[in-house]
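Have a look at this one before I ask anything.
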Amino acid sequence: MHAIGLIELNSIAVGVEVADAMAKTAMVEILTAKTICPGKFIALIGGDVAAVRQAIGAGLEVLPETVVDHFVIPNVHPSVLPAISGGNAVDNVAAVGVIETYNVATTIEACDAAVKAARVEPIRMHLAFGIGGKSYVVLTGDVADVNAAVEAGAAVASAKGFLVQCVVIPRPHKQVVEALL
């Protein structure tokens, strides 16, 4: 898989229709198609860049006024999908960075930008379940890298108008790290 694409919608019914349209339009794999809080729906697909772009284009045409956000990430960083699925194992946590956004799509984009900008690893991504539709990603690495990564990811979220907050915590307490895993 070279690319991922996501459409986040404010309608569950239209979300199902969008996922169907994307799958029928191009040779893509539906990685997830599900409801998220608060009553929204996400459809995440993967495949080669051209197919993902074509499928996202078709999905966006279904009922554009229901689209909250969307993206296509060519050459997605290999650590992003495991972070979406539940997290990456990490041994040593020198610093923690958190990027919080108002939606799922922007958090995933911010994570990809962050891990491409510096030597960091996403510990986990929490995507709009039980937190009012907000999402966040937790990154780790050395302090300088986490600072650079959070700055890059926050810039993506801020440019889209969806950044809530971001922080970098050097030498986080062991209990905080355990709570995040």
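None of the figures in this text is laboratory data; all of them are computed from the coordinates on show. If you're wondering where the values come from, they're calculated on a predicted model, not measured in any experiment. A quick note on method: Cβ atoms are made from the backbone with ideal geometry, for glycine too, and the neighbour counts reach across all protein chains shown.
Mind listing the Cα extents of region 102-164 along all three principal axes, in Å, largest one first?
Answer, in whole Å and largest first: 31, 23, 14 Å.
Further question on the same structure: Counting other C-beta atoms within 10 Å, which of T25, T101, T35 has the fewest, and how do the rest follow?
On the way: T25 17, T101 31, T35 14.
The order, fewest Cβ neighbours first, is T35, T25, T101.
Here's another thing I want to ask about it. Taking 25 °C and 0.890 mPa s as the conditions, I'd like the Stokes-Einstein D for region 76-181 in µm²/s, using the Kirkwood hydrodynamic radius from alpha carbon pairs.
On the way: Rh = 13.1 Å.
In µm²/s, the coefficient rounds to 188.
Under the Karplus relation 6.51 cos²θ - 1.76 cosθ + 1.60, θ = phi - 60°, what is the ordered set of whole-Hz ³J(HN,Hα) values for region 78-92, x standing for Gly and Pro?
Going residue by residue, I get x, 7, 6, 4, x, 5, 5, 7, x, x, 10, 6, 10, 9, 10 Hz, with x marking Gly and Pro.
Let me ask another. Any idea what Rg and Dmax come out to for the chain if you just take the C-alpha atoms, in Å?
Both quantities, over Cα of the chain: 16.0, 48 Å.
Now for a separate question. To the nearest 20 debye, what is the magnitude of the charge dipole of region 1-94 about its Cα centre, counting +1 on the Cβ of each Lys and Arg and -1 on the Cβ of each Asp and Glu? Intermediate values should be presented prior to the final figure.
Details: 4 positive and 9 negative charges, 13 e Å.
I would put it at about 60 debye.
Run the dipole for the chain about the Cα centre, Lys and Arg Cβ at +1, Asp and Glu Cβ at -1, nothing else charged, and hand back the magnitude in debye, nearest 20.
Numbers: 11 positive and 17 negative charges, 48 e Å.
For this selection, approximately 240 debye.
For the chain, calculate the relative contact order in percent as a whole number, restricting contacts to Cα pairs under 8 Å that are 6 or more residues apart.
Answer for the chain is 22 percent.
To the nearest 0.05, how large is the calculated FRET efficiency for N75 and R119 if R₀ is 22 Å and r is the Cβ-Cβ distance? Please list the in-between numbers first.
Details: r = 17 Å, r/R0 = 0.79.
According to the calculation, E is roughly 0.80.
Find how much the distance from T32 to L63 grows on full extension, using 0.36 nm per residue of separation minus their present alpha carbon separation; answer in nm with one decimal. Mind showing how you got there, number by number?
Values: separation 31, 0.36 × 31 = 11.16 nm, distance 1.97 nm.
Gain in length upon complete extension: 9.2 nm.
If neighbour count is taken as other Cβ atoms inside 10 Å, put S85, S135, S158, S11 in order from fewest to most. Intermediate values should be presented prior to the final figure.
Numbers: S85 12, S135 28, S158 15, S11 18.
Least crowded to most crowded, the residues run S85, S158, S11, S135.
Would you work out which of V176, I45, P74 lies farthest towards the positive end of the dipole of the chain, given +1 charges on the beta-carbon of Lys and Arg and -1 on that of Asp and Glu, about the Cα centre?
V176
Hydropathy at least 0.0 by Kyte-Doolittle, axial extent at least 24 angstrom from the Cα trace: which helices of the chain, defined as entire DSSP H runs, fit?
Numbers: long enough: 143-160 (26 Å, 0.87).
What comes out of the filter, once short or polar helices are dropped, is 143-160.
Same structure again: Measure out, as a whole number of angstrom, how far apart the alpha-carbon centroids of region 127-181 and region 4-82 sit.
Cα centroid to Cα centroid, the span is 23 Å.
Right, another one. Name the lysines eligible as straight-distance cross-link partners of K34: C-alpha to C-alpha under 19 Å, and not fewer than 8 places from it in the same chain.
Within reach: K24, K134.
In the P(r) worked out for region 1-93, what percent of Cα pairs fall beyond 17 Å?
On the way: 1993 of 4278 pairs.
When all Cα pairs of region 1-93 are counted, 47 percent exceed 17 Å.
A further question follows. Rounding to the nearest 20 debye, state how big the charge dipole of region 80-180 is about its Cα centre with +1 on each Lys and Arg Cβ and -1 on each Asp and Glu Cβ.
On the way: 7 positive and 9 negative charges, 31 e Å.
Its charge dipole is roughly 140 debye.
Let me ask another. Only helical DSSP H runs with n ≥ 4 go in: add -39500 (n - 2.57) per run for the chain, normalise by residue count and round the 222 nm mean residue ellipticity to 500 deg cm²/dmol.
Details: 6 runs with 73 residues, N = 181.
Only helices count here, giving -12500 deg cm²/dmol.
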